[in-house]
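Novice: Sharing a structure with you now.
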Amino acid sequence: MDSIVADEPSGIGPTGEDVRRRIVGMVERGSLQPGEKLGAERELATRLGVSRSTLRQALASLEESGVIRRVPGRGGGTFIASAKVERDLSRIVGVPMLLRDQGFTAGSRVVSVGVATAGPDAAEALGIREEDFVVDLVRIRLADGAPISLEHAVFPAELVPGLPERDLGGSIYELIDREYGLRPEEAIEHIEVTEAGALEASILGIAAGSPLVSITRTTRDPHGVVFEYSRDLFRADRTRISVRVKGSPTHETARLRGRVVELVPPQEA
């Protein structure tokens with residue numbers, strides 16, 4: 001393991017930003033591993049050759065960005081945070097495949113599954129009547145054995161007969177594609193940050209009030225049939241959202257006040 005003072009610059013003493021960058025660099029190189037304890041503040045400041053006030057500035061920034069987590073009380077301390085799961089919004093993929101692609105061991109726990117009437121929200125999203133039946137599935141998703149998200153998905157019961165009796169521990173997309181011929185073609189997702197309630201916090205192993213990334217999704221198959229309405233709650237300290245976008249072409253049309261306006265690059269002088 002690299003010495004934590006190996007990267008200390010010469011000359012003028014390091015600032016809080018210098019310390020932050022050095023610790024981030026060690027995490028990126030693997031010199032500091034997820035879950036590793038950094039040690040007591042006084043000891044850490046001595047090892048880094050900085051004042052405790054400078055160290056506190058660096059640790060505050062690292063905690064805010066999710067690089068470290070600080071646990072109070074006896075047995076607590078400052079730890080390197082667990083690796084984050086990248087949730088790519090550019091593709092429709094189940095959580096198990098998402099985790100496997102990033103080197104995590106994926107797991108699931110079924111909290112509840114059953115058949116119920118749709119209710120207003122699910123009915124509107126799925127394009128069915130409120131009294132129509134749906135399969136209601138709640139699961140905990142695990143990354144390397146630790147809870148990463150709480151998933152609540154609803155499917156029209158007539159499209160997935162017998163689903164509650166199936167093995168629901170793996171990818172739901174792979175299962176319904178194989179058993180019912182429903183393949184996700186298009187999804188609309190709405191993302192917001194919310195706080196964990198007492199029940200959600202106990203399930204995900206976090207403190208009540210901790211931030212969660214909420215992703216509400218409506219999914220269609222290639223024929224335009226809406227077959228899923230779901231809400232996933234991801235731990236914000238373990239999740240990073242990414243999306244791939246393409247730049248606009250240099251030659252395009254735009255409609256403005258009822259007229260088509262041609263947009264072209266300016267001519268060089």
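Novice: Picking from Glu64, Glu28, Glu86, which residue would you name as being at pLDDT below 85 and farther than 14 Å from Asp237 by Cα?
Specialist: Answer to the selection: Glu28.
Novice: State the number of residues belonging to region 226-246 that are under 30 Å from Tyr180 (Cβ atoms) and among the acidic types (Asp, Glu).
Specialist: The qualifying residues number 2.
Novice: Which residues, taken from region 31-43, are modelled with pLDDT under 75 and either touching an Asp or Glu at 6+ places or on another chain (Cβ under 8 Å) or on the phi > 0 side of the Ramachandran plot (or both)?
Specialist: Hit for region 31-43 is Gly35, nothing else.
The values are calculated or read from the model by the stated rules, or taken from the named source; none is laboratory data. Please read all numbers here as calculations on a predicted model, not as lab measurements. Counting neighbours? That spans all protein chains shown, and the Cβs are built from the backbone with ideal geometry, glycine included.
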